[in-house]
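To start, the structure under review is shown below, and the notes come after it.
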Amino acid sequence: MAKLIDSLLSGSSGKVGRVVVSNLYGTEILRKRPRRRTSEPTAKQQLIQTRMTLSYQFLNPYKEFAKKYFGKRIGMRSPYNLAMSSVMNAFKLDFDLMEIIPEYNKIEFTKGNLMAPLPVDLTSADPNSFTLEWFDNSGGDTDRENDQLQLLFIADGEFKPTLIENAATRADGIVQIPLANTFSGMDVHVWMTFIDEDGTQAANSAYAGTVLIS
């Protein structure tokens, strides 16, 4: 059984046996459909599948944000694909211990050409909150002073981070974020970045560190 459509406007699409023809962003792709699995996956295969699931869970709360602010399309790799790669590469597979070990400091949640943030301090002096300080590197440039702070944070051992948009400006140099009571006594990982006022440009995000919530 075969079906192949050749369109001047949308290119070729269809399938011939197990070969599938599709058009992605102007590029025609031929690939094989995977065969139906007839055996149980090995322990290593299960670990790889688990990493994929965890990566999707991590990225899902800010996927629309990543589509806008994780760089530009590279060939057939969209900003979303690039953001997913950043997460997956940080979720290290240990085949000796059969564990997935997150290296949170390796994760980026934005990429762009704006001046990068410079985190200075991350503390939790007040209950159920954290305070982030950064260096104002705007150099008196009004546009850069008004860049908007974007925050991403997740409690250690959790699967889905929280995105807070437009929490402060670059010139503010400090922000305090209130948290739910459930965060008390937990280590929280924090990332920061800046978006310009027009919402068109982003900076490379920075990992601000880990803080124990009081």
Expressed as a percent, the accessible surface of region 86-173 that is carbon or sulfur, using a 1.4 Å probe and the full set of protein chains, is 45 percent
Checking region 40-96 for chymotrypsin sites (Phe, Trp or Tyr not before Pro) in a loop per DSSP with at most 15 other beta-carbon atoms within 10 Å yields PHE95
Expected vector for region 162-175, Karplus 3J(HN,Hα) from phi with 6.51, -1.76, 1.60 and θ = phi - 60°, integer Hz, x for Gly and Pro, equals 10, 9, 10, 9, 6, 7, 5, 10, 4, 5, 5, x, 7, 8
To the nearest 20 debye, region 92-214 has a Cα-centred charge dipole, built from +1 on Lys and Arg Cβ and -1 on Asp and Glu Cβ, of 180 debye
Between the residues LEU151, GLY139, ASN81, the Cα farthest towards the positive end of the dipole of region 78-211, that dipole coming from +1 and -1 charges on the beta-carbon of Lys, Arg, Asp and Glu, is from ASN81
Given a Förster distance of 22 Å, the FRET efficiency implied by the Cβ-Cβ spacing of ASN137 and TYR80, rounded to the nearest 0.05, works out to 0.15
Stretched fully, the stretch from THR210 through SER39 gains (0.36 nm per residue minus C-alpha distance, one decimal, in nm) 57.4 nm
Amide H proximity to SER214 below 5 Å, modelled H, separation 5+ or other chain, gives ASN128, SER129, GLY185
Projecting the Cα atoms of ASN113, PHE95, ALA125 onto the charge dipole of region 87-129, where Lys and Arg contribute +1 and Asp and Glu -1 at Cβ, the residue farthest towards the positive end is ASN113
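The values are calculated or read from the model by the stated rules, or taken from the named source; none is laboratory data. Keep in mind it's a predicted model, so treat the numbers as computed, not measured. Cβ atoms come from the backbone with ideal geometry, glycine included; neighbour counts cover every protein chain shown. Calculation scope for accessible area: heavy atoms of the full protein, side chains included, ligands and nucleic acids excluded. Shrake-Rupley method; radii C 1.70, N 1.55, O 1.52, S 1.80 Å.
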